[in-house]
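The block underneath contains the structure these notes are about, expressed in structure tokens.
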Amino acid sequence: MLMTVNQATATSVDQNAVVEARKLGLTFQTNDGPVRALADVDLTINKGEFVSFIGPSGCGKTTFLRVIADLEQPTEGKISINGMTPEQAREARAYGYVFQAAALFPWRTIESNVGLPLEIIGLSKAEQQERIKRTMDLVNLSGFEKKYPWQLSGGMQQRASIARALAFDADLLLMDEPFGALDEIVRDHLNEQLLRLWRQTNKTICFVTHSIPEAVYLSTRIVVMSPRPGRVTDVIESTLPTERPLDIRESPEFLAIAARVRDGLRAGHSYED
Amino acid sequence: MMNSKPSWQAGLALVLCAVAMATVPILTAEATAPMSSGMTSLVVGLIALPAVASFAMFSGLASAAVLFVGAHGAAWLLISGIAGNEGTARMPYFLLLAAAWLLAWRCVAVLSAIRPVSTQVRTLLRLLIPAIFGAWILIIWEAVTRGAGVPFILLPPPSAIAARIGNSLPILLADVRQTIFKAVLFGYIVGCASGFAVAILADRVPFLRKGLLPIGNMVSALPIIGVAPIMVIWFGFEWQSKAAVVIIMTFFPMLVNTVAGLAASGHMERDLMRTYASNYWQTLFKLRLPAAAPFIFNALKINSTLALIGAIVAEFFGTPIVGMGFRISTEIGRMNVDMVWAEIAVAALAGSVFYGVVALIERATTFWHPSVRGGRA
């Protein structure tokens, strides 16, 4: 425990850590008794990494993301974000969060949806305009500034929500199955764009998914999780190059990593239910 | 064109014409100025010819125009023919009236089936169809009350009510000023505003939410008939006591709707605001109040009619000698039912305008809501 406290000020290697979880656990009190959503999660995510969390539903991958975001509070263990507690990190606007649905406000235009966090932070109008333009360009939504969310397709809405998460320039991006509701072709396209965006901005990304190809294609590291209680069963370092065209998914290297992820998922899966 | 095919309305109208022709005269012998047989034939012709013509295969618009002229021409002749002969109509009179009404029905049906391309024509149709509908309520009311000689006390014809409105404009205006521009508007604004403010307060302070809502519930159950005389004792005979009744009536719908509206924003949206470390007021103004707007407008619309009812009823319990409720209660005592109906007409008009204005503001404000933009979620 002492380690985590020291890490923020200690060696240069530790300063590289964005998220550090030690023996992290979370138990929900429900009407049917306590449910252990997370147990004994030990994980360090370093600056500039693209980490995917994969596992069957109920394995706690979303819960872990929500703990990082201070949307849930852990009941055991320690977690620090940039050396701060999750609450301090949230107050410091250390991360952008992309939800499963776009969650755009229908009464705001796309540009004012993207500008919402900037308004809350209290940036000047000029600064807001400048950042809205930059992030809208980044997600290829220029020209749709004055549209309302309901006038856009699902894929464009999700891109707008990514732009909103990027707008205030947090170094950490938390994405909770952002493309889960989209069709295969749109999803491929957005995956490609997300990789390009990650290389351009050099952000740290935590990405929750239940698609093996998506996890392998995007990540530098894949965290395989299993349910009841939610825990980490395998952490796989990707050997794929940073430059990844879509057809890399047919390469033997890609398939080998995918096979290992699948094995990890199978091992962690209980067949009792 | 599908619009000009044989219809049961036109067919039945022809049958009614035939029966009417077989049972003439259309007025009893006591009629002082009986309708000539030429006049009767003209009425029958005005109904029968368009009915037959509407069977022909020409365009919907032409068919509707012919039906419109026939139906309203016949109705006009029937109503002007009864002048001076009130209460002498026989069965054929009502058969012809029914036949003319069937033609108007057919006309509206044809008009509703038209799918115009230009927006102006579409707007015109959207206004014309309910106008024909409303006009026929008045036509039948007028013809039946005068044709059958319904006692004036029971139900005066609309023409008498209109004449009364025209002759009593200054009185009606003074009543509207007293009841609507003082009691209703003041009570509505204060009642809605305080309901809204208390809802925000209850949202901010949990113990108020638990304590205030049940009490608010009880206030809403207070019988207005019981409260109004108490308010007169408290606030005097002038409009202030009526405004107090309106405040009591409008407060609760606003409170309940705003509380429900504040809970309407989704979990994901609230989590989103939390990730921005947004404070209570920022979340309130940027997320929860916009999401609550449809609920709040619902309350504003409900209250627009409640306020009018409350102010009029409250005036039954002591008032200076002006006001819509006062006028209704005194004129009914003097058997001047046309004046009572005139007040009812003015109240209905004022209520509709009030409601319409609120609904227009709602459409402009909650343009984003699926119920307004009429489409995808």
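Things worth noting here:
- Annotation for region A:99-132 versus region A:17-48: alpha-carbon center distance of 31 Å.
- Using distinct alpha-carbon pairs, which all enter the 1/r mean, Kirkwood radius of chain B in Å: 24.9 Å
- Estimated 222 nm signal from helices in chain A, with DSSP H stretches of n ≥ 4 weighted -39500 (n - 2.57), rounded to 500: -11000 deg cm²/dmol
- Across all directions, the average flat footprint of the convex hull enclosing the Cα atoms of chain A is 15.9 nm².
- Reference-scaled alpha-carbon Rg (2.2 N^0.38 Å with N residues) for region B:2-150: 1.08
- Per residue, the convex hull spanned by the Cα atoms of region B:282-341 amounts to 104 cubic angstrom.
- Each part gets one Cα centre, and for region A:232-258 versus region B:285-311 those centres are 56 Å apart.
- For chain B, the longest principal axis of the Cα atoms and the long axis of helix B:206-221 meet at an angle of about 30 degrees.
- Estimated [θ] at 222 nm from DSSP helical runs (n ≥ 4, -39500 (n - 2.57)) normalised by residues in chain B, nearest 500: -24500 deg cm²/dmol
- Taking all Cα pairs closer than 8 Å and separated by 6 or more residues, the relative contact order of chain B comes to 15 percent.
- Cα-based helix-to-principal-axis angle, B:324-333 vs chain B, degrees rounded to 10: 50 degrees
- Note on the protein assembly as shown: with charges restricted to the Cβ of Lys and Arg (+1) and Asp and Glu (-1), its dipole about the Cα centre is near 1080 debye.
- Distance from region B:160-176 to region B:84-110 (C-alpha centre basis), Å: 30 Å
- Rg to Rh quotient for the protein assembly as shown, alpha carbon positions, Kirkwood Rh: 1.16
- Relative exposure of B:254, B:268, B:335, B:231, judged by other C-beta atoms within 10 Å (fewest first): B:335, B:268, B:231, B:254
- In terms of other Cβ atoms within 10 Å, B:93, B:276 run from fewest to most in the order B:276, B:93.
- For residue A:173, nonlocal amide neighbours, meaning residues 5 or more places apart or on other chains whose placed amide H falls under 5 Å from its own, are A:96, A:204, A:205, A:206.
- Extending 7 Å from the Cα toward the beta-carbon at both residue B:217 and residue B:121 defines two label points whose distance is 5.6 nm.
- Fewest neighbouring Cβ atoms within 10 Å first, the residues A:95, B:355 line up as B:355, A:95.
- The GluC sites (Glu not before Pro) of region A:21-84 include none that meets both conditions, a loop assignment by DSSP and at most 14 other Cβ atoms within 10 Å of the site Cβ.
Where a number appears in this text, it was derived from the coordinates with a stated rule and is not lab data. All values derive from a computational prediction rather than experimental measurement. Cβ coordinates were reconstructed from backbone atoms using ideal geometry, including for glycine residues, and neighbour counts include every protein chain displayed.
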